[in-house]
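Novice: Handing you a structure now.
The values are calculated or read from the model by the stated rules, or taken from the named source; none is laboratory data. Predicted, not measured: the structure shown is a model, and the values here were computed from it. We place every Cβ from the backbone using ideal geometry, glycine too, and count neighbours over all the protein chains shown. Just the protein is used for accessible areas: all its heavy atoms, side chains included, with ligands, DNA and RNA removed. Shrake-Rupley method; radii C 1.70, N 1.55, O 1.52, S 1.80 Å.
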Amino acid sequence: MGSTGTAKKPNKNRVTRIYGSGAQDLAQAADVLARGGILAVPTETVYGLAAHALDEKACRRIFEIKGRPLIDPLIVHIHDLAGANRLAHWNEWADSLAKAFWPGPLTLVLPKKEIVPSLVTAGLDTVAVRMPHHPLLRKLLIMCNLPLAAPSANPFGYLSPTRPEHVLKSFGQKLEHLLDGGPCQIGLESTVVDLSQPHRPAVLRPGPVGPEDISEILGIEVLVETESRMAATTDEKVHSDTRGKPSPGLLHKHYSPGTPLVVLPCQDWTSQESPTKRIAKIAYRKPDQAELSRSSDMFWLTEDGDEQQAAHGLYDLLHKLDSLKFDLILIEPAPEGGLGTVINERLSRATGLKPDTIG
Ligand code: AMP
Ligand code: MG
């Protein structure tokens, strides 16, 4: 599947209308949003389920379609700084990070302005904003000239989608409109950084922009709060973080395939083997020929250890293996550092483990 110039008519098996990159398609897609509709959109990170962020009724549909609890706030996407300023009380940190990383895979959490419906922020006094760099989404944002609330386009708790077919498979007829931008370039969700607390910038979700890059730009060490918060958070008590605010993205189990997943170094894989189980095995790096000829159902994330390739293909491979109905997926942790750390963090969520038990 890739971008086409013309909207495909729905057939009797699929009612989702698919828009391509042509001007007429984009205009129609923008019109869907302006009329309060829901449109799945490509971003450079993962596909999102977008609606006009100031239209409360439309945003409520996002929660319904995803089965997302109302305590889990949405990220709002904008195409310029004026758009961000309209929604959030801007500060110097935001200015510096936006200059360094926008458009791109970095979400800034800032004090919210009144214009943003509290449904979008799950009642918080902060709003998460991001300026994406996906060219088709940028064109759409400019054309519709609306802030777009867009969480990842997957049923709540499931793997994020990195291809249009993942979105279609998850939602089927529940989704009426999809903008097809082909596969997502990065394939992992954005970094979320909280800039709302004076003197205390904090990464709430690790992502493609690393904490050291953020610290360097801000000239102050950014805290990575996810691990300490996760450790203090039980699944029954996901609503409260150390400041007494919701921290729903810190659910132990998230980003999970339906198939049980175990993160384990390759040398320990034999411990999981059983004659009655069909097991898919994912190495980080392509195994050598001798290894490949010894084992069946072997997969890998990279040919030669390239972390971008690993991140780009991770969810796609998990989606594919999930549909092949294995009894178990074993996956080797990525080497720590950069995107490897982010991959391991997502895998730890997928299995419900704490990140420090992986990698
Ligand atoms: P998703 O869009 O599904 O990838 O998830 C968005 C992430 O951003 C979730 O982990 C949310 O908890 C987080 N988020 C959105 N808005 C806020 C906010 N105002 N404060 C803290 N985290 C937020
Ligand atoms: Mg998500």
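Novice: Could you tell me which of the residues LEU148, LEU179, LEU218, LEU195 is surrounded by fewer than 24 Cβ atoms within 10 Å (Cβ to Cβ) and more than 14 Å from the chain's Cα centre (by Cα)?
Specialist: From the options LEU148, LEU179, LEU218, LEU195, the qualifying one is LEU218.
Novice: Here is a list: ARG68, ARG35. Which entry is more than 15 Å from ligand 2 (Cβ to nearest atom), among the charged types (D, E, K, R) and either over 18 Å from the mean Cα position of the chain (by Cα) or surrounded by fewer than 24 Cβ atoms within 10 Å (Cβ to Cβ) (or both)?
Specialist: ARG35 is the lone residue from the list that is more than 15 Å from ligand 2 (Cβ to nearest atom), among the charged types (D, E, K, R) and either over 18 Å from the mean Cα position of the chain (by Cα) or surrounded by fewer than 24 Cβ atoms within 10 Å (Cβ to Cβ) (or both).
Novice: Let me ask something else. Quick one: is LYS277 more than 16 Å from ligand 1 (Cβ to nearest atom) and at pLDDT 95 or above?
Specialist: No, not satisfied.
Every residue, every condition in (1) within 19 Å of THR270 (Cα to Cα); (2) in contact with a Ser or Thr (Cβ under 8 Å, 6 or more places away or on another chain), yes or no:
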position: ILE282; (1), (2): yes, no
position: LYS286; (1), (2): yes, yes
position: GLU307; (1), (2): no, no
position: ALA310; (1), (2): no, yes
position: LEU321; (1), (2): no, yes
position: LYS325; (1), (2): no, yes
position: ILE331; (1), (2): yes, no
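Novice: Could you say whether any residue in segment 191-201 is modelled with pLDDT under 95, away from ligand 1 (no atom under 14 Å from the Cβ), under 18 Å from VAL127 (Cα atoms) and not polar (S, T, N, Q)?
Specialist: yes
Novice: Does any residue in segment 68-84 that is closer than 23 Å to LEU159 by Cβ come within less than 7 Å, Cβ to Cβ, of a residue that is of a type in the set (S, T, N, Q) six or more places away or on a different chain, and which pairs are these?
Specialist: Listed by first residue and then by second, the contacts come to PRO73/THR121; ILE75/THR107.
Novice: Scanning segment 154-170 for residues that are part of a loop (DSSP other than H, G, I, E, B) and more than 9 Å from ligand 1 (Cβ to nearest atom), which turns out most open to solvent (accessible area, probe 1.4 Å)?
Specialist: For segment 154-170, the residue satisfying everything is ARG163.
Novice: Which pairs do you get when a residue that is under 20 Å from LEU110 (Cβ atoms) and away from ligand 1 (no atom under 13 Å from the Cβ), found in segment 129-153, comes within reach of a residue that is open to solvent by 60 Å² or more (accessible area, probe 1.4 Å) and of a type in the set (Gly, Ala, Ser), reach meaning Cβ atoms under 9 angstrom, with the pair 6+ apart or on two chains?
Specialist: LEU146/ALA34
Novice: Enumerate the pairs (first residue in segment 346-359 and more than 18 Å from PHE156 (Cβ to Cβ) and modelled with pLDDT under 65; second residue anywhere and part of a helix (DSSP H, G or I) and among the acidic types (Asp, Glu)) with beta-carbon separation below 6 Å, excluding pairs fewer than 6 apart on the same chain, so at least 6 apart or on different chains.
Specialist: PRO355/GLU227; PRO355/GLU345
Novice: Across segment 177-196, what is the number of residues that are in contact with a strand residue (DSSP E or B) (Cβ under 6 Å, 6 or more places away or on another chain) and within 16 Å of ligand 2 (Cβ to nearest atom)?
Specialist: Of the residues in that region, 3 qualify.
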